[in-house]
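First the structure, in the form of C-alpha cells, and then the observations on it.
The values are calculated or read from the model by the stated rules, or taken from the named source; none is laboratory data. Note that this is a predicted model, so its numbers are computed, not measured. When we count neighbours, we look across all protein chains shown, and the Cβ atoms used for this are built from the backbone with ideal geometry, even at glycine.
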Ligand SMILES: *[C@@H]1O[C@H](CO)[C@@H](O)[C@H](O)[C@H]1NC(C)=O
C-alpha cells in the first residue's frame with residue numbers, strides 16, 4: 001500500500017508551505033506600518049526599529065555590545081506593571097505635546113535597582129522620530145543615554161522578575177570571574193516580543209560597563 005506514505009508526504013509539504021506563507025505574512029506586518037522598517041537587521045528585533053550596536057565580544061554566558069547614544073521615553077514604576085507600560089504606550093499613541101504617533105519599537109527596557117526592584121521602564125525612540133515631542137503625562141520623561149558598553153545575557157521564553165534576577169546572578173558571576181568593571185547597583189532588562197509571540201522569544205539582562 002503506497003497510499004499512506006504518499007498522503008503523509010503530501011500533508012507534510014502542504015504544512016510546510018502553509019508555515020512558509022504564514023511566516024511571509026508575519027514578515028510583512030512591520031513594513032505595513034506597524035513597525036516602520038528597521039535600521040539594523042537583527043533577527044530578535046522582529047523587523048522593528050531597535051538601537052544600533054556593535055558586537056565586540058562573545059563569551060559562553062554573555063556578549064559585549066557597544067551601543068550608540070540613544071533616546072528613550074521612560075516612566076517610573078506605578079502600582080502595576082501594565083499601567084506603567086500603558087503610560088508609555090499612550091505616549092507613542094499621541095499623548096504628547098504634538099499629538100504625534102510614533103511606531104512601536106523594541107526593546108522595552110527596565111532598570112532594576114538593587115533592593116528596589118524595577119524602578120523605571122522605557123521605550124526606544126529611534127533617530128527618525130527627530131526631537132521627541134514632550135510627554136503630556138507629568139510622570140513620563142524623555143531620557144538620553146550616552147554611548148555605552150553593555151554585558152548582555154540572552155534567554156528565551158517569557159521573562160518575569162524571578163527569571164531576570166536569576167539571569168542577572170548568572171551574568172554577575174561570569175563578569176566577576178572575568179574581572180570586568182561594571183555598574184553594580186542596577187541592571188537593565190530588555191524584552192523584544194509581544195505577549196502574543198509564543199515561540200522563539202528573546203529576552204536580555206544587561207549590566208553596563210564602568
Ligand atoms: C537606574 O536606576 C538607578 C536608581 O534609580 C539610577 O541610579 C541609575 O542611574 C539608572 N540607570 C540608568 C542608566 O538610567
* To do: Check the stretch 174-193 and report whether any residue there is farther than 19 Å from residue 64 by Cα and away from the ligand (no atom under 12 Å from the Cβ).
  => yes
* Filter pass, residue 71 being at negative phi, within 16 Å of the ligand (Cβ to nearest atom) and either out of contact with any strand residue (DSSP E or B) (no Cβ under 8 Å at 6 or more places or on another chain) or not in a strand (DSSP E or B) (or both) -> no
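Filter the stretch 158-196 for residues that are under 13 Å from the mean Cα position of the chain (by Cα) and surrounded by fewer than 17 Cβ atoms within 10 Å (Cβ to Cβ) and give the result.
First, pick out the residues of the stretch 158-196 that are under 13 Å from the mean Cα position of the chain (by Cα): 158-159, 188-195.
Of everything in the stretch 158-196, those that are under 13 Å from the mean Cα position of the chain (by Cα) and surrounded by fewer than 17 Cβ atoms within 10 Å (Cβ to Cβ) turn out to be 158, 194, 195.
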* Complete set of residues in the stretch 182-200 that are assigned to a loop (DSSP other than H, G, I, E, B) and touching a helix residue (DSSP H, G or I) at 6+ places or on another chain (Cβ under 9 Å) -> 184, 192, 193, 200
* Every residue from the stretch 137-181 that is farther than 17 Å from residue 107 by Cα and in contact with a helix residue (DSSP H, G or I) (Cβ under 8 Å, 6 or more places away or on another chain) -> 137, 139, 140
* Structure fact -> Over the stretch 118-127, the set of residues over 13 Å from the mean Cα position of the chain (by Cα) and either within 15 Å of residue 204 (Cβ to Cβ) or within 16 Å of the ligand (Cβ to nearest atom) (or both) is 118, 119, 120
* Just one of the numbered conditions (1) within 20 Å of residue 53 (Cβ to Cβ); (2) touching a residue at least 60 places away in the same chain (Cβ under 8 Å) is not true of residue 123; which one? -> (2)
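So that you can scan it fast, the table gives a plain yes or no per residue for (1) in contact with a strand residue (DSSP E or B) (Cβ under 6 Å, 6 or more places away or on another chain); (2) near the ligand (Cβ under 10 Å from one of its atoms); (3) at pLDDT 95 or above:
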position: 76; (1), (2), (3): yes, yes, no
position: 79; (1), (2), (3): no, no, no
position: 83; (1), (2), (3): no, no, no
position: 86; (1), (2), (3): no, no, no
position: 93; (1), (2), (3): no, no, yes
position: 99; (1), (2), (3): no, no, yes
position: 103; (1), (2), (3): no, no, yes
position: 107; (1), (2), (3): yes, no, yes
position: 116; (1), (2), (3): no, yes, no
* Asked: Across the stretch 99-117, which residue is nearest to the chain's Cα centre (by Cα) among those that are assigned to a loop (DSSP other than H, G, I, E, B) and either surrounded by 13 or more Cβ atoms within 10 Å (Cβ to Cβ) or outside the structural domain of residue 186 (by TED's automatic domain parsing) (or both)?
  -> 107
* To do: Give the stretch 128-169 a look and list any residue that's in contact (Cβ under 8 Å) with a residue 12 or more places away in the chain, outside any loop (DSSP other than H, G, I, E, B) and more than 16 Å from the ligand (Cβ to nearest atom), or say none.
  => 128, 129, 135, 153, 154, 155, 163, 167
